[in-house]
1. Report the extension gain between Asn78 and Ile34 in nm, rounded to one decimal, defined as 0.36 nm multiplied by the number of residues separating them, less their alpha carbon distance.
2. Please work out how much length the chain gains when fully extended from Leu93 to Asp59, using 0.36 nm per residue of separation minus the C-alpha to C-alpha distance, in nm with one decimal.
3. Would you tell me the accessible area of Asp45, worked out with a 1.4 angstrom probe on the heavy atoms of the protein chains, in Å² to the nearest 10?
4. Could you do me a favour and compute the accessible area per residue for the chain, 1.4 Å probe, result in Å²?
5. How much of Ile151 can a 1.4 Å solvent probe reach, expressed as accessible area in Å² and rounded to 10?
6. Tell me the trypsin sites (Lys or Arg not before Pro) within the stretch 84-141 that lie in a loop according to DSSP and have at most 16 other beta-carbon atoms within 10 Å.
7. Ignoring everything but the protein chains, give the 1.4 Å probe accessible area of Tyr172 in square angstrom, nearest 10.
8. For Rg and Dmax of the Cα atoms in Å, the choices are (i) 16.3, 46; (ii) 18.8, 59; (iii) 20.5, 68; which was calculated from the structure?
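The values are calculated or read from the model by the stated rules, or taken from the named source; none is laboratory data. All of these numbers come straight from a predicted model, not from anything done at the bench. Note that we place each Cβ from the backbone using ideal geometry, even for glycine, and neighbour counts take in every protein chain shown. To get the accessible areas, we keep the full protein, side chains included, count just its heavy atoms, and leave off ligands, DNA and RNA. Shrake-Rupley method; radii C 1.70, N 1.55, O 1.52, S 1.80 Å.
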Amino acid sequence: GNILNFIFGLVHNYGLAIILFTIFVKLCLLPLTIKQTKSTKAMQDIQPKLQEIQKKYKDKPEKQQQEIMNLYKEAKINPLAGCLPLLIQMPILFGLFAVLREPWKFGLFPSQDAFLAADTSFLWLKSLTAAGGFTLQGLSMGILSGGSAYIMQKVMTPGDQDQAQTMKTMTYVMAAMSFYWGMTFPAGLAVYWTVSNIFQMGQQIVIN
């Protein structure tokens, strides 16, 4: 709330403040994102060896697991590194959800009246606090959130895993969840999520 308040004081536009806050968060997470990309690439490189171990020790699960861990250690890979940026973003999302619902309680605006004066409209959105539901605001933010999540997952999926059923399922699940969030959560949160996905796409292309 205090960070958003500082940004709002510079730009005097509630929607633009949320967009700049999103970019600020993504820049803070950039070192982790680079680590995640390197980890994903390294996992892609060891796939032939991984499949060989799985085939060789298919009847010995304990030995298979041990050999896989040795392979990770040898390649200096942490299989959980790819989850770090997403895990760290979750408390930010929860916090932002609370701030956008009642911004005057968390230092963003001094009072509810000051908030109502600022939350007039942004682009085609009537309010950044209200959830759209089955309205133009809700459906448009659902489509933007879901569509950007789908494209982002496609951009981040390694080429040789593109047809993997697990990755396909994750892509569709993330897109469906993002569509639902865009419709039912405060519009400001959908703006954050959409801008975050778009920024992530560009960031991924540059890092690659």
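1. 14.5 nm
2. Net length gain for the segment: 7.9 nm.
3. Asp45 exposes around 90 Å² with every protein chain in place.
4. The answer is 58 Å² per residue.
5. About 90 Å², rounded to the nearest 10.
6. Lys126
7. Approximately 140 Å² for this residue.
8. (iii)
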